[in-house]
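Contents: one structure, followed by commentary.
Rule-based calculations on the coordinates, nothing more; no lab input. Keep in mind that what you see is a predicted model, and the values were worked out from it rather than measured. Note that we place each Cβ from the backbone using ideal geometry, even for glycine, and neighbour counts take in every protein chain shown.
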Amino acid sequence: MSAAVIKIENLVKRYHELVALDHFNLEIKEGEIFGLLGPNGSGKTTTINCILALLSFDKGNVEVFGEEMAPNKYHLKQDIGIVFQNVAVFNELTVYENIEYFCGLYIKNKQTRKQYVEEAMEFVGLNDFKSFYPKKLSGGLLRRLNIACGIAHKPKLIIMDEPTVAVDPQSRNKILEGIVELNKKGATIIYTSHYMEEVEQICTRIAIMDKGKNLAIGTKEELKMMIKTGETINMEVLEIEDKNLEEIKKLPHVYQVEYKENKLHIKCSKGKHNLIRVLDYMQTNQIAFGRVYAELPTLNDVFLEITGKELRD
Amino acid sequence: MFVRLFQYKVKRLFRTKDELFWCLVFPLILGTFFYMSFGGFQDKQETFQAINIGYITTETGKDEDFDQVLMLLSKDGKDQIVRIKTTKEEEAKKLLLDKKIAGIIYNTLEVTLTVNGEGINESILNSFLNQYIQKRETFTKIAQISPDKLNEVLELEFKDSSYLQEIRFTNASIDPMTSYYYALIAMTCLYGCFAGLSSAIDIKANMSTLASRRLVAPTNKMKIILGDFFGAVFVQFICTLITVCYIIFVLKVDMGQKINYLMLTAFVGSLIGVTTGLFIGSIGRQSENVKSAIVLAGTMVECFLSGLMVGNMKDIVERHAPIINRINPATLIVDSLYSLDIYDTYDRYMRNMISMLILATILCIGSFLAIRRERYASI
């Protein structure tokens, strides 16, 4: 079994009356791409700042690489890389100088540092922009520079706090591919986002957060198993009577039927042949219907079912 | 590591346009404006131009003594007070109307003066004539009443003709306008506060993400602070030296011969400028813009009180609230430069330097205490 890279126990952080982290627990194992999923204000960034020993907390314990984390634990910090949500680079330094500056805070040997900086630039695809100043870079390239500054020193643990906010799709894909590649090279990644598609795409394990609490944790399959919905069947129906809706609701595995704006949404719990049974019923009762499609549950459904609200509310 | 951080701070500051404008370009522009404004004034102060007059006299009835006095005063040379342009009345009147001469002195039955307007030259002529007439009457009366006392009175007159005595402490030639350049140098030094402010903001995780990124690195916080701090002092010192060189070598303002001490003052001044910014940046949670405004306003007030806008402001403050002059960094810098120029001894200069170093130390300690905290309550 892999060792725990991060272990958080009963972490409580209050901002006056507001409880930002409420007895929060988390354990992240070596080699994972761990997703922290939650809406804005759910406590993701606060958790990260506590892990990094930037923020004081009221109660609990934070361990990194098996040791309690503290501001002066330089040997632990040496193996951590951070990509902040806001771009944090010097506007007066070029792309190369920025990466060199931040890498230099970790790597003292000049030759090694030079090699690492060049590798980081290659990795994020900024080789052609080496002598550019950050103000001359597009939003996507700036994000890539932000990432390069955080990972150039080849850390074992990389924390990425919403690195794709306000990024174009091309740069977003490049960033996501890069994260997977870093993981393949041996880095453990903590990835926070409120974009469930991204988390679903790259994370091996996910924790769903809201109001400073860890609501659910597991692989995406495990999370989806936790909820009642197995599949949602959507149909375009011009007209349907209430008695038909009631009869559909009585079909096996169907637990919720909703008809709104000529669209019929049928939620089924886990089970086989749900779609066939619904189609049979529609044909038998001669109810005209148009496009039909079935959806497997998403993390948003998981979040919705656990918290009663949409992830982006 | 320290050297690397120092180098990067220097590089960053020299590439910051705002920083360079306030710390280098603005003082050079202001110095040039001072030069353009004071240049003409200084020239007028230095050379007195003889006053052009018309002198109308008649052979009979004229005051022979006055005639002699006027001839003496109109003699070519450095002591020449008046220049007689004409002795013809018609021509003199025309020249007076054309403002080519300041006045017409008539030495006929009476000594009289005709002027066309008011001005310094007209006042000098008027004063000279009044004084002559007054003295002539006095001596004539004494000669009539007690002729035996005349010589004694004349001796006293010449003896007490000057009521002021100049006591020189130094051989330096003091130009009153130089105090403006002193205040300009003080302002340049104190503009180091911007570099100090940015140093503080770049190390406070609750003020910038950049600071967070630097603080999560395995580098001692004090090393980062000191690298930034000394980088800022170095850049400010260079900017101040360039300003001083511009004033001395381009504007040709006499700053005395004590160049080493002048450089020391520039260094300590830059140090106190940067520490002021560092201190303001370290305390409180106001935004960077608010802190920049505080720093700028504070610097301008300090410079105003040291005489940047009103030359004798330092003396006014000294009369009404001397304590302000003891703690105002701008005044301390101005007074250091002034005392270097005025006195041959260094007592007053050293007192100012020590005051500045104490202030810088207090601000430094305050800043480091505020910044050194290890974790933040909120970010």
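Estimate the FRET efficiency between B:E110 and B:R319 by the formula 1/(1 + (r/R0)^6), using the beta-carbon distance for r and 45 Å for R0, to the nearest 0.05.
0.40
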Per the C-alpha gyration tensor (a ≥ b ≥ c, the square roots of its eigenvalues), the stretch B:315-371 is rounded if a/c is under 1.5, else prolate if a/b beats b/c, else oblate; here it's oblate
Round to the nearest 10 and give me the degree value, 0 to 90, for the angle of helix B:259-282's Cα axis relative to the longest principal axis of chain B.
-> 50
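In the P(r) worked out for the stretch B:277-379, what percent of Cα pairs fall beyond 21 Å? Present the calculation step by step, with values, prior to reporting the outcome.
Details: 2440 of 5253 pairs.
Looking at the stretch B:277-379, the distances longer than 21 Å represent 46 percent of pairs.
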Semi-axis lengths (Å, descending) of the ellipsoid that matches the C-alpha gyration tensor of the protein assembly as shown = 87, 30, 21
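Would you order A:E67, B:E302, B:E122 from fewest to most other beta-carbon atoms within 10 Å of each residue's own beta-carbon? Could you put the intermediate results ahead of the total?
Details: A:E67 11, B:E302 25, B:E122 16.
Sorted ascending by nearby Cβ count, the order is A:E67, B:E122, B:E302.
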Candidates B:K99, B:K258, B:K17; GNM for chain B (alpha-carbon contacts under 10 Å) flags as most fluctuating B:K99
Would you order B:R319, B:R15 from fewest to most other beta-carbon atoms within 10 Å of each residue's own beta-carbon?
-> B:R319, B:R15
What are the ³J(HN,Hα) values, in whole Hz, obtained from phi via the Karplus relation 6.51 cos²θ - 1.76 cosθ + 1.60 with θ = phi - 60°, for each residue of the stretch A:69-76 in sequence order, with x given for Gly and Pro?
-> 7, 8, x, 9, 7, 5, 5, 7
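Below 8 Å between Cα atoms, with a sequence gap of 6+, how large is the relative contact order for the stretch A:228-296 in percent? Present the calculation step by step, with values, prior to reporting the outcome.
Details: 114 pairs, mean separation 33.1, N = 69.
In percent, rounded to a whole number, it is 48.
Given 0.36 nm per residue, what is the gain on full extension from B:T140 to B:I354 after removing their alpha carbon distance, in nm?
Details: separation 214, 0.36 × 214 = 77.04 nm, distance 6.33 nm.
Taking B:T140 through B:I354 to full extension adds about 70.7 nm, to one decimal.
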Where a label projected 7 Å from the Cα of B:L251 along Cα→Cβ would reach, residues of the stretch B:6-38 with amide N under 18 Å | B:21-38
Over chain B, calculate the relative contact order: mean separation of alpha carbon pairs under 8 Å at least 6 apart, over the residue count, as a percent.
-> 20
Counting DSSP beta bridges in the protein assembly as shown, what percent are antiparallel, to the nearest 5?
-> 60
GNM flexibility winner over chain B from B:L97, B:L305, B:L215 (Cα, springs under 10 Å) = B:L97
Principal axes of the stretch B:191-298: Cα extent on each, largest first, Å = 50, 31, 18
Per its Cα gyration tensor (rounded if a/c is under 1.5, else prolate when a/b beats b/c, else oblate), the stretch B:1-98 is best filed as prolate
Expected integer from the mean partner chain Cβ neighbour count at 10 Å over B:204-214 is 5
Leaving out same-chain residues fewer than 8 places away, which lysines sit with a Cα under 23 Å from that of A:K243?
-> A:K260, A:K263, A:K267
Where no second cysteine Cβ lies under 4.7 Å, the cysteines concerned in chain B = B:C189, B:C193, B:C245, B:C303, B:C364
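Checking the a/c ratio against 1.5 first, then a/b against b/c, what shape does the Cα gyration tensor give for the stretch A:40-156? Let's see the in-between values first.
Details: a/c = 2.70, a/b = 1.55, b/c = 1.74.
Note, shape of the stretch A:40-156 comes out oblate.
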Anyone know which of A:E221, A:E181, A:E17 comes out most mobile in the 10 Å Cα GNM of chain A?
-> A:E17
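In deg cm²/dmol and to the nearest 500, what is the mean residue ellipticity at 222 nm of chain B if only DSSP H runs of at least 4 residues count, each as -39500 (n - 2.57), divided by the residue total?
Details: 17 runs with 244 residues, N = 379.
It comes out at -21000 deg cm²/dmol, rounded to the nearest 500.
Of the listed peptides B:359-371, A:198-210, A:96-108, what is their order by residue-averaged count of other C-beta atoms within 10 Å, with the highest listed first? Present the calculation step by step, with values, prior to reporting the outcome.
On the way: B:359-371: 17.4, A:198-210: 20.8, A:96-108: 22.4.
In descending order of packing, they fall as A:96-108, A:198-210, B:359-371.
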Compute the distribution of all C-alpha to C-alpha distances in the stretch A:4-224, in bins of 10 Å from 0, and list the percent of pairs in each, rounded to whole numbers.
-> 8, 34, 36, 18, 3, 0
Each residue of the stretch B:74-81 in turn: what ³J(HN,Hα) in whole Hz from Karplus with 6.51, -1.76, 1.60 and θ = phi - 60°, glycine and Pro shown as x?
-> 9, 5, 4, x, 6, 9, 5, 9
